[in-house]
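Asks: Quick one: the structure is below, questions incoming.
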Amino acid sequence: QVQLVESGGGLVQPGGSLRLSCAASGIIFRIYGMGWYRQAPGKQRELVATITSVGRTNCADSVKGRFTISRDNAKDTMYLQMNSLKPEDTAVYYCNAAMVHTNYWGQGTQVTISS
């Protein structure tokens, strides 16, 4: 059974930081492309950042220079370090694992940026 479990969300003030984690089980983690997506109320789910199985990263323009995606294949875990957080970063953040013909999602973790 495949499980992607996000953690690390919460309420922080603007300018603060959070580190999200996504722990995977039931898949051969190291061969999957991984990604973080987010969905704000009333908006479509959008890409935040991705990391390939060999560690190549990509991120949305809106988070460049503030967010960093990484993975630890020994721990079957992906991370998203989020710095200089803004109110517009408020959303549910989802973990995704993908490869050809296969796509898995976590249940999401709430991130709220507010003073």
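Asks: Just to confirm the filter: which trypsin sites (Lys or Arg not before Pro) across the stretch 3-58 are DSSP coil and have at most 12 other Cβ within 10 angstrom of their Cβ?
Replies: Listed in order of number, the matching sites are K43, R56.
Asks: Skip the ligands, DNA and RNA, and give the accessible area per residue of the chain with a 1.4 Å probe, whole Å².
Replies: Using a 1.4 Å probe on heavy atoms only, each residue of the chain averages 54 Å².
Asks: Please report, as a whole percent, how much of the solvent-accessible surface of the stretch 3-78 comes from carbon and sulfur atoms (probe radius 1.4 Å).
Replies: Of all accessible area on the stretch 3-78, carbon and sulfur atoms account for 47 percent.
Asks: Over the chain, what is the relative contact order in whole percent, taking alpha-carbon pairs under 8 Å and six or more residues apart?
Replies: 36 percent
Asks: With a cap of 13 neighbouring Cβ atoms within 10 Å, and only residues DSSP puts in a loop, list the trypsin sites (Lys or Arg not before Pro) found in the stretch 64-109.
Replies: For trypsin sites (Lys or Arg not before Pro) across the stretch 64-109 that sit outside H, G, I, E and B with at most 13 neighbouring Cβ atoms in 10 Å, the list reads K64, K75.
Asks: Another question, then. Which of the lysines could a cross-linker bridge to K86, judged by Cα under 28 Å and excluding same-chain residues fewer than eight apart?
Replies: Of all the lysines, those that pass the test against K86 - Cα under 28 Å, at least 8 places apart if same chain - are K43, K64.
Asks: Okay, moving on. Under 1.5 on a/c is rounded, so check that first for the chain, then, if it is not, pick prolate when a/b is larger than b/c and oblate when it is not; a ≥ b ≥ c are the square roots of the alpha carbon gyration tensor eigenvalues.
Replies: Prolate, because a/c is 1.5 or more and a/b exceeds b/c.
Asks: Please find, in a Gaussian network model of the chain (springs between Cα atoms separated by less than 10 Å), the residue of A23, A74, A60 whose mean-square fluctuation is greatest.
Replies: It is A74.
Asks: Nearest 5 is fine: what % of DSSP beta bridges in the stretch 9-115 come out antiparallel, could you say?
Replies: 90 percent
Asks: Please give, to one decimal in nm, the separation of the simple spin-label points placed at S114 and Q39, each 7 Å out from Cα toward the Cβ.
Replies: In this crude label model, S114 to Q39 measures out at 2.0 nm.
The values are calculated or read from the model by the stated rules, or taken from the named source; none is laboratory data. On a predicted model such as this, the values are computed, not experimentally measured, just so you know. Because the Cβ atoms are built from the backbone with ideal geometry, glycine has one as well, and the counts that use them run over all protein chains shown. For the accessible areas, the whole protein counts, side chains as well, though only heavy atoms, and no ligand, DNA or RNA atoms are used. Shrake-Rupley method; radii C 1.70, N 1.55, O 1.52, S 1.80 Å.
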